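The values are calculated or read from the model by the stated rules, or taken from the named source; none is laboratory data. The shown structure was predicted, so the numbers you read here are calculated from the model rather than taken from an experiment. All Cβ positions, glycine included, derive from the backbone under ideal geometry; neighbour counts span all protein chains shown.
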Amino acid sequence: MPGSILIICDEPGFVTALKDYFTIPEYTLIHQTHSFRNIADLADDFQAVIIHKPAAGWTRNGLFADPADRRPTLVIGGAAMEACGTLCNFRILPDTAEGSIIASVVHSLLPGNTDNTKNRNVVSSDGRVTINLDNSCIIHDGIHEEVSAQEAKLLSYLIEHEGEEISREELLALVWGYDSDMTTRTIDVHIARLRHKMGDTKEEQSRIRTVRKVGYQFVL
C-alpha cells in the first residue's frame, strides 16, 4: 500500500541527502523537526517513521499516542540507541549508516516486505550443494549440515542478492539489525561457518567470496 514516510530530523542536509536514496515507488518522504511531538497531530497516514538523532529522554510512546500503534519505526543514532530495540517493527542504526543502507532498512520494514520467503531453497550450478532453508539445512556432497536461525537469515539475504557485492555494514544492518553488541567480526564468523557447511575448504574457491575492502559476494 503506497503512502508517506515521516522523517523527524533537525538537520535539513541529512534529509536532502537521504531523499537521493529513496527510490521506492509511490512513497513520499515527509520532513518534520524534533519540535513535532505526536504523530496523531498529522493527517497523513504514514507507513513508516524515521527518527534521526533523538534527544535524551525520547521514547517511542511519546511519539505514538496509542501504545498499540506499531507502525514501523527506524531510529538513527542519538540518545535512544538502546531504548526500544526489542519492540516489534522497530530498528536501530548508528548515525554513521550510509543513505543506501537506511533506505534499504526502511524498505524492508514497509508493508509486504517484512517477511521475505523468496529464494529459500536452491541448488548450486554444479549440483554439489543444496540449500534448504525451509528445513534449516545445507547438503553438500551428500553430507547433511544443520544451520541456525541466524545462519538461515544470513543465507537468505545472500541468495536474494546473489552476484552483488555486499558490505559487512549492510549485512549487519539488514540481517542483524545493527544490535549495539554486534560488530562486523560477527559477520566474518558466520560466513566462515557457512563456508564450512557448504564444503568450501578454500576461501578463493568459496561460494561466498571475500571482496577486498567491501565485504562479500555470493555466487551459487
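Observations on the model:
- If the condition is being among the hydrophobic types (A, V, I, L, M, F, W, C) and either farther than 18 Å from V211 by Cα or not assigned by TED's automatic domain parsing to the domain that holds N132 (or both), then region 151-166 contributes only A152.
- The set of residues in region 177-194 that are modelled with pLDDT of 80 or more and surrounded by 13 or more Cβ atoms within 10 Å (Cβ to Cβ) comprises T186, I187, D188, H190, I191, A192, R193, L194.
- Residue list for region 138-152, filter: closer than 15 Å to V175 by Cα and surrounded by fewer than 18 Cβ atoms within 10 Å (Cβ to Cβ): S148, A149, Q150
- When each of K202, K197 is tested for being out of contact with any Lys or Arg (no Cβ under 6 Å at 6 or more places or on another chain) and surrounded by 15 or more Cβ atoms within 10 Å (Cβ to Cβ), the lone residue that passes is K197.
- Check on V129, among the hydrophobic types (A, V, I, L, M, F, W, C), within 23 Å of L18 (Cβ to Cβ), modelled with pLDDT of 70 or more and surrounded by 18 or more Cβ atoms within 10 Å (Cβ to Cβ): no
- Scope region 37-53; condition of a type in the set (K, R) and either modelled with pLDDT of 70 or more or in contact with a strand residue (DSSP E or B) (Cβ under 6 Å, 6 or more places away or on another chain) (or both); matching residues: K53
- Within region 132-178, being more than 15 Å from H196 (Cα to Cα) and in a loop (DSSP other than H, G, I, E, B) holds for S136, H161, E162, G163, E164, G177, Y178.
- Filter result for A103 (within 15 Å of the chain's Cα centre (by Cα), within 18 Å of C9 (Cβ to Cβ), among the aliphatic types (A, V, I, L, M) and modelled with pLDDT of 75 or more): yes
- Some residue of region 135-156 being at pLDDT below 85 and either within 30 Å of I102 (Cβ to Cβ) or touching a helix residue (DSSP H, G or I) at 6+ places or on another chain (Cβ under 7 Å) (or both): yes
- Members of region 182-220 that are more than 18 Å from V122 (Cβ to Cβ) and among the basic types (K, R): R185, R193, K202, R212, K213
- Residue within region 199-208 that is in a helix (DSSP H, G or I) and either at pLDDT 85 or above or under 25 Å from S108 (Cβ atoms) (or both) present: no
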